[in-house]
Amino acid sequence: MKILVVGSGAREHAICWKIIKSNKVSKLYCAPGNGGIAQLAECIDIKVNDLDRIVEFSTVNKIDLVVVGPEEPLVAGLVDKLNENGIKAFGPRKNGALFEGSKSYSKDFMKKYKIPSADYKVYTNSKKAIEELNRFQTPIVVKADGLAAGKGVLICETVKEAEVAIRSIMDEKQFGHAGETVVIEEFLRGREASLLCFVDGKNIIPMESARDYKKAYDNDKGLNTGGMGCFSPNPIYTDQLNKYIKENILDNTLKGFLNENIDFKGVLFIGLMIENNKAKVLEYNTRFGDPETEVVLPRLESDLVDIMLKCIEGNLNENDLKWKDEKCLTVVLASGGYPEKYEKGKEITGLNEVSEDIIVFHGGTKLSGDKLLTNGGRVLAITSMGKTLEEAKKKVYENINKIKFDKMQYRRDIAKI
Ligand code: AMP
Ligand code: GLY
């Protein structure tokens, strides 16, 4: 099969790394890819939101399967366009991607199908939103409705702060169109967890659990990022919690999909807040997570291409997912300043000294002649498996010491007990 992966982060590197292990694959392309992906796949210079060129490339090159990594092209309808042109694609169509593309749509869906989640109200008028702020207890969570590259959620300690947030999102258009509608919701307490699931239209089958570290600095200090490190499995998933999640969240979500005629095929990523073995949904994403993918896919024993094809055909079974017993951990090496302003183009050295049992997934890198340069906020995800989490952690941190680039920044407390 000829496969095209769309995206350019460490998530897409992990997807390519796993896909290329399948004996079904004769040729792998990635658009646009990065310096690490270029070692596994032919990188094509097409941006992820250039839907027409992706469709054209897939048609001309007779691509058998397109795997879409990021949310932006999914929300814009890339899978619909590919399907209309007779090309198979892994990822939801526009109506499925709306679960990530519109928070108000998701919240209304959760309410309708009795999926536990924070109390909320939707506003399309800033004056009304501000007038009604006293209905909420502080802290107040203010969310831009649409895609905002992970920055659209503001946790406000006071009513005044919430007012400023609403003005900035709705009137000053801090996130453009994404902020024309806002969701204001109750602040939830507990521990966060990510649950990635394969969905084949009729079944939602969870992958192994993971724990993401979202804050920029050690001890959960600093701003929220896309994720600075991760490990799998996540010990918070007790049998009791799994049962709760299945009965209250997965079954009801599926019921909703079927009732609303949403033929969801791809990955549904459920962001959860856990307290006392119960969970509430913070959000749905409609794609693999980053860095969750970097710790989940190395633990997947089964052929990923088979799983993706079964999702598309609508016949995925729980037994199709076989997992390795080992633990997996990743630490993200970021550019100094990330998630705020940072510089690009710094030379990365030391990767050839890294041990063979370390997997280096590239996020923001690019090749320039024979040099590897930084090209984004999250640059590399240094990953290892281990019989224990402790062993995986030791290997990752020992090897990070060999890697260098100017202003490199990373958390030293991933999986600290
Ligand atoms: P979201 O994009 O909706 O997942 O929100 C991004 C982050 O904001 C989450 O990972 C949480 O850390 C935080 N967050 C979102 N909604 C809430 C909430 N209702 N209560 C507490 N924290 C929240
Ligand atoms: N790690 C969170 C995300 O992928 O959205």
- [ ] For Lys243 and Asp357, calculate 0.36 nm times their separation in residues minus their Cα-Cα distance, and state this gained length in nm to one decimal.
- [x] 37.5 nm
Task: Selection of chymotrypsin sites (Phe, Trp or Tyr not before Pro), segment 319-403, meeting DSSP coil and at most 14 other Cβ within 10 Å - done: none
Open item on the list: Skipping prolines and chain starts, which residues have an amide H placed within reach, meaning under 5 Å, of the one on Phe187, given they are 5 or more residues away or on another chain?
Closed with: Val141
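Want the number for Lys322 to Thr388: 0.36 nm per residue separation, take away the alpha-carbon distance, what's left?
21.9 nm is the gain from fully extending Lys322 to Thr388.
Defining a contact as two alpha carbons under 8 Å apart and six or more residues distant in sequence, what relative contact order in percent does segment 193-246 show?
Result for segment 193-246 is 27 percent.
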- [ ] Tally up the carbon and sulfur contribution to the accessible surface of segment 33-89 as a whole percent, 1.4 Å probe, everything protein left in place.
- [x] 44
- [ ] Note down the relative contact order for segment 82-175 as a percent, whole number, built from C-alpha pairs under 8 angstrom at least six residues apart.
- [x] 23
TODO: With a Förster radius of 41 Å, plug the Cβ-Cβ distance of Asn61 and Lys160 into 1/(1 + (r/R0)^6) and report the FRET value to the nearest 0.05.
DONE: 0.15
- [ ] May I ask you to give the solvent-accessible area per residue for segment 178-298, in square angstrom, as obtained with a 1.4 angstrom probe?
- [x] 38
Open item on the list: With unit charges on the beta carbons (Lys and Arg positive, Asp and Glu negative) and the dipole taken about the Cα centre of the chain, which residue among Leu333, Phe264, Asn317 sits farthest to the positive side?
Closed with: Leu333
TODO: Report the paramagnetic label zone for Lys255: residues of segment 69-111 whose backbone N is under 15 Å from a point 7 Å from Cα along the Cα-to-Cβ axis.
DONE: 109-111
Task: Sequence-distant lysines (8 or more away, or on other chains) whose Cα lies within less than 22 Å of Lys371 - done: Lys344, Lys346, Lys402, Lys404, Lys407
- [ ] In whole Å, largest first, what are the principal axis extents of the Cα atoms in the chain?
- [x] 59, 46, 43
TODO: Quick one: pull the percent of accessible area on segment 115-202 belonging to carbon and sulfur, 1.4 Å probe, ligands and nucleic acids left out.
DONE: 49
Open item on the list: Under 10 Å, Cα contacts only: if you run a Gaussian network model on the chain, which one of Glu356, Glu56, Glu186 comes out with the highest mean-square fluctuation?
Closed with: Glu356
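Per residue, how much accessible area does segment 17-146 show when a 1.4 Å probe rolls over the protein heavy atoms, in square angstrom?
On a per-residue basis, 46 Å².
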Task: Accessible surface of segment 264-356, 1.4 Å probe, proportion on carbon and sulfur as whole % - done: 38
- [ ] Check the straight Cα-Cα distances from Lys21 and name the aspartates and glutamates below 18 Å, setting aside those fewer than 8 residues away within the same chain.
- [x] Glu12, Glu42, Asp64, Glu294, Glu301, Asp303, Asp306, Asp320, Glu356, Asp357
Task: Exceeding the 26 Å Cα-Cα cut-off - candidates Lys114/Lys243; Lys24/Lys62; Lys111/Lys151; Lys278/Lys327; Lys81/Lys143; Lys18/Lys88 - done: Lys81/Lys143
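The values are calculated or read from the model by the stated rules, or taken from the named source; none is laboratory data. Because the structure is predicted, anything quoted here is derived from the model rather than measured. Every residue, glycine among them, receives a Cβ derived from its backbone with ideal geometry; neighbour counts consider all protein chains shown. SASA here: full protein model, heavy atoms, side chains in, ligands and nucleic acids out. Shrake-Rupley method; radii C 1.70, N 1.55, O 1.52, S 1.80 Å.
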